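The structure appears below as structure tokens.
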Amino acid sequence: MKSESKTYKLINGLSPLTYTIRSRSSASRSLLWYDEANNVNRPLRYARNQKSPFEDEQDGNAILEPIMFEDGLLHVPKDNPVLQMFLHYHPDRGVIFDLVDTERDAQKEIEDLNVEVDALIKAKSLTINEMESIARVVFNIDPDNLTSTELKRDILLYAKESPAEFLEVMSDSTLSMQSTIHSFFSTGLLAFRKNKTEVFFNLKNNKSKMINIPFGQDPYDTVVRYFQAEEGRDKFVMLQKLAEDESGN
């Protein structure tokens, strides 16, 4: 490892005044690094007066010290290489803490900002039909209950707060169909029964069961797959026509 001072930070929202990480294996909780070359788990132990972070390479005079982050940070000078090595092999690196890498962090911020910008540009360019589709499918609300200004605001906020998810939603080729299916239920052409385990037609001359929803599956996704299959295509077209006729009345 290159000899230089390094800084480590707590991740995933951890920011207490002090935070102590594991510095040795114990009977209740092991601290191991898997040596893939030799197919063995090697116990780690931090002792500043040793030359290695591995317990099997240390002598019997190990002086143990706690490893404590203050305000979420831990500065390790270059004259303490054993701690740097210990942190490098520590199984909680990347889980509880990580090395501060300003260039990497800056690149990650740029990537996140670019995704946010792309999402906001996409959200700004949506048609009213696309916005209504998101309202039905993602927000699970009837877009008729919102003004166009409220709908656009909510979608822009969604794109800003969850840009990657928003772009994934917009890339889903079934979004329009999902929106149409949601409208079938909201207008009463279709109805769920038995805690959304069954779907029935709810037409004047047809109250028959359409499909069962398999255990653990999303009801709307199941209906989408049914209408995409050959047996459901004609029924989807029929319901679309009924919906258009009703909206025209």
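None of the figures in this text is laboratory data; all of them are computed from the coordinates on show. Not measured: the values here are computed from a predicted model. With ideal geometry, Cβ positions are generated from the backbone for all residues, glycine too; neighbour counts draw on all protein chains shown.
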| field | For region 85-98, 3J(HN,Hα) per residue [Karplus equation, 6.51 cos²θ - 1.76 cosθ + 1.60, θ = phi - 60°, Hz, x = Gly/Pro] | value | 5, 4, 5, 5, 8, 4, x, 8, 5, x, 10, 10, 9, 7
| message | Restricting to DSSP loop positions (anything but H, G, I, E, B) with no more than 15 other Cβ atoms inside 10 Å of their own Cβ, which trypsin sites (Lys or Arg not before Pro) remain in region 143-230? | response | K194, K196, K204, K207
| said: With an 8 Å Cα cut-off and a minimum separation of 6 or more residues, compute the relative contact order for the chain in percent. | reply: 14
| said: As I understand it, the value is the acute angle between the Cα axis of helix 148-161 and the longest principal axis of the Cα atoms of the chain; what does it come to in degrees, rounded to 10? | reply: 20
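For Cα pairs less than 8 Å apart in space and 6+ apart in sequence, what is the mean separation divided by the residue count of region 173-249, i.e. the relative contact order in percent?
On the way: 68 pairs, mean separation 18.3, N = 77.
Reported as a whole number, the value is 24 percent.
Only sites in a loop by DSSP and with at most 16 other Cβ atoms within 10 Å count here; which chymotrypsin sites (Phe, Trp or Tyr not before Pro) in region 137-190 make the cut?
Values: sites: F139, Y158, F166, F184, F185; in loops: F139.
Passing both the DSSP loop test and the Cβ count: F139.
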| query | Can you flag which of K204/K235; K9/K160; K204/K241; K122/K160; K122/K241; K160/K196 are past 21 Å Cα-Cα? | reply | K9/K160; K122/K241; K160/K196
| note | Calculating log10 I(q)/I(0) by the Debye sum over Cα atoms at q = 0.10, 0.15 Å⁻¹ from this structure picks out, from (i) -0.62, -1.12; (ii) -0.73, -1.01; (iii) -0.45, -1.08, entry (ii)
| Counting other Cβ atoms within 10 Å, which chymotrypsin sites (Phe, Trp or Tyr not before Pro) in region 199-228 have at most 15 and lie in a DSSP loop? | F215
| message | Check which residues have an amide H placed less than 5 Å from N41's amide H, if you skip close sequence neighbours. | response | D35
